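The values are calculated or read from the model by the stated rules, or taken from the named source; none is laboratory data. This is a predicted model, so every value here is computed, not measured. We place every Cβ from the backbone using ideal geometry, glycine too, and count neighbours over all the protein chains shown.
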Ligand SMILES: [Zn+2]
Ligand SMILES: [Zn+2]
């Protein structure tokens, strides 16, 4: 068995160069020439830009310049949902309405009692002007 050079021996790690729209390998000088059609790398093996695992590029991956594997994509979606939920919970705390009212105001939030467990909505502070303030 003969050993090949590293450049020939790896799964290309594809990314799209924004300016040219061409797909290059991040590990070697390989790239897909512009005359190969719009999405020439679909069906090709690549490596995830987050975890480096190997996967096959699909139409879905063409939406990004640095494709990531399904696991990492799912993690990113979950993190985005999580941060959206966190801002709703913050909103809930600031508004000081009941959970039922809040979900009526923001149907998309769909917060559960579990989500807001332990969160005390800010009581509206009534600041009484102190007329007797000494001067
Ligand atoms: Zn390569
Ligand atoms: Zn990954």
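Residue 70 meets each of the listed conditions (1) out of contact with any helix residue (DSSP H, G or I) (no Cβ under 8 Å at 6 or more places or on another chain); (2) within 30 Å of residue 120 (Cβ to Cβ) apart from (2).
Among the conditions (1) buried (at least 16 other Cβ atoms within 10 Å of the Cβ); (2) out of contact with any helix residue (DSSP H, G or I) (no Cβ under 9 Å at 6 or more places or on another chain), residue 46 misses just one, which is (2). Remark: pairs (first residue in the range 89-110, in the same structural domain as residue 121 (by TED's automatic domain parsing) and on the phi > 0 side of the Ramachandran plot; second residue surrounded by 14 or more Cβ atoms within 10 Å (Cβ to Cβ) and part of a helix (DSSP H, G or I); Cβ separation under 7 Å; 6+ apart in sequence or on different chains) = 110/103.
The residues of the range 87-104 that are assigned to a helix (DSSP H, G or I) and under 10 Å from residue 120 (Cα atoms), listed by number, are 92, 93, 94.
Residues that are within 16 Å of ligand 2 (Cβ to nearest atom) and in contact (Cβ under 8 Å) with a residue 24 or more places away in the chain were ranked within the range 7-43; the one that is surrounded by the most Cβ atoms within 10 Å (Cβ to Cβ) is 14. For the range 23-61, a tally of residues being more than 14 Å from ligand 1 (Cβ to nearest atom) and assigned to a loop (DSSP other than H, G, I, E, B) returns 12. Taking the stated definitions as given, is residue 76 over 17 Å from residue 11 (Cα atoms) and surrounded by 15 or more Cβ atoms within 10 Å (Cβ to Cβ)? The answer is no for residue 76.
Every test in (1) in contact with a strand residue (DSSP E or B) (Cβ under 9 Å, 6 or more places away or on another chain); (2) modelled with pLDDT of 95 or more is passed by residue 50 save one, and that test is (1).
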